[in-house]
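The values are calculated or read from the model by the stated rules, or taken from the named source; none is laboratory data. Please read these numbers as outputs of a predicted model, since none were measured by experiment. Positions of Cβ are generated from backbone atoms using ideal geometry, with glycine treated the same way; all protein chains shown enter the neighbour counts.
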Amino acid sequence: MQHLAIFGGTFDPIHWGHLLIAEAALQQVSVEKVIWVPSLNPPHKKAAAFRHRLAMLQLATQDNPRFTVSLVENNRSGVSYAIDTLLDLCACFPNTHWYWIVGLDTFQSLPRWYRGHEIAQMCDWLIAPRLLGGENIAQSELICKQVKQQLGEQSHTINWHFLDIPLVGVSSSLIRKLYRTGKSIRYLVPEDVISYIAAHNLYSDDSE
Ligand code: ATP
């Protein structure tokens, strides 16, 4: 049986925080490959065009043979739900033990995901620490237990593992904001991605 991790996100744009987390999944758990899945129509976010987010993801991940970018969400119409992505990937890669990489903030929202209680049990969760408003890292375990509780009785089989990474305060929204206001995003985002953003005039009129 192979061990694969899904890393879903908007990646608007991809940043070093994402890359650090994916590398930790490869190094710290028995994951053979990370499948990056850019969301086509993220349910709760307005985002740059899929083709741009995809191109930046490809630029940033192409030098790592254990990273793959999946177009699985591009093959469906409508809102991109995680459960559909996982079911599609299960069909493409049978006999696989699945992991899902998330930041703590995303894991915290799992009870509100479409069919969240089902997907919760279909894979092991690799959770990257992330500073949340007012909370600190010591509360991560508590937050995960609350998620389990919110998912209800059937959730006893949820497995999670904390990735051991330094807390990284970078986010895509921070990068868009810095870029829009003329500040440097160097060392927050890979160089190729910065060039792509400039060449395609992205994020100059972001309303955030
Ligand atoms: P935005 O700022 O636009 O909300 P984001 O930086 O959170 O974007 P996403 O593409 O939405 O980026 O995130 C994909 C996944 O990566 C999510 O599970 C998110 O929690 C996680 N993630 C992103 N940045 C970090 C970070 N610095 N530390 C931990 N997890 C992160």
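Each row is one residue, and each column tells you yes or no for (1) within 9 Å of the ligand (Cβ to nearest atom); (2) at pLDDT 85 or above; (3) not β-branched (V, I, T).
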| position | (1), (2), (3) |
| --- | --- |
| K145 | no, no, yes |
| I165 | yes, yes, no |
| V168 | yes, no, no |
| I175 | yes, yes, no |
| T181 | no, yes, no |
| L188 | no, yes, yes |
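Residues in region 70-81 that are buried (at least 18 other Cβ atoms within 10 Å of the Cβ) and in contact with a helix residue (DSSP H, G or I) (Cβ under 8 Å, 6 or more places away or on another chain): 4 in all.
When region 82-102 is filtered for residues that are surrounded by 19 or more Cβ atoms within 10 Å (Cβ to Cβ) and either out of contact with any Leu (no Cβ under 9 Å at 6 or more places or on another chain) or part of a helix (DSSP H, G or I) (or both), the ones remaining, listed by number, are A82, T85, L86. Total residues in region 25-60 satisfying the condition of being of a type in the set (S, T, Y) and either in contact with a Cys (Cβ under 7 Å, 6 or more places away or on another chain) or more than 23 Å from Y81 (Cβ to Cβ) (or both): the figure is 1. Taken together, A82, A47 contain a single residue that is within 16 Å of the ligand (Cβ to nearest atom), modelled with pLDDT under 95 and over 13 Å from the mean Cα position of the chain (by Cα), which is A47.
Every residue in region 103-116 that is more than 10 Å from the ligand (Cβ to nearest atom) and part of a loop (DSSP other than H, G, I, E, B), please.
Here is the first cut: in region 103-116, the residues more than 10 Å from the ligand (Cβ to nearest atom) are 110-116.
Answer for region 103-116, where residues must be more than 10 Å from the ligand (Cβ to nearest atom) and part of a loop (DSSP other than H, G, I, E, B): W113, Y114, R115.
Considering only region 43-64, how many residues are outside any loop (DSSP other than H, G, I, E, B) and either of a type in the set (S, T, Y) or surrounded by 12 or more Cβ atoms within 10 Å (Cβ to Cβ) (or both)? Result for region 43-64: 11. Of the residues L20, L40, the single one that is under 20 Å from A128 (Cα atoms) and under 16 Å from the mean Cα position of the chain (by Cα) is L20. Filtered by the rule that a residue be surrounded by 23 or more Cβ atoms within 10 Å (Cβ to Cβ) and more than 7 Å from the ligand (Cβ to nearest atom), region 8-21 gives P13, I14. Total residues in region 28-42 satisfying the condition of being closer than 17 Å to T106 by Cα, more than 9 Å from the ligand (Cβ to nearest atom) and surrounded by 22 or more Cβ atoms within 10 Å (Cβ to Cβ): the figure is 2. Here K148 fulfils each of the conditions (1) more than 27 Å from K33 (Cβ to Cβ); (2) in a loop (DSSP other than H, G, I, E, B); (3) among the charged types (D, E, K, R) apart from (2). Kindly establish whether A25 is near the ligand (Cβ under 9 Å from one of its atoms), surrounded by 15 or more Cβ atoms within 10 Å (Cβ to Cβ) and over 11 Å from the mean Cα position of the chain (by Cα). No; evaluated as a whole, the condition is false for this residue.
Taking the residues in region 147-162 that are surrounded by 11 or more Cβ atoms within 10 Å (Cβ to Cβ) and at pLDDT below 65 as candidates, determine which candidate is nearest to W113 (Cα to Cα).
Step one: filter region 147-162 for residues surrounded by 11 or more Cβ atoms within 10 Å (Cβ to Cβ), giving 147-152, 154-155, 158-162.
Retained after the next criterion (residues that are at pLDDT below 65): 154-155.
Values: Q154: 16, S155: 14 Å.
Applying the filter and picking the extreme gives S155.
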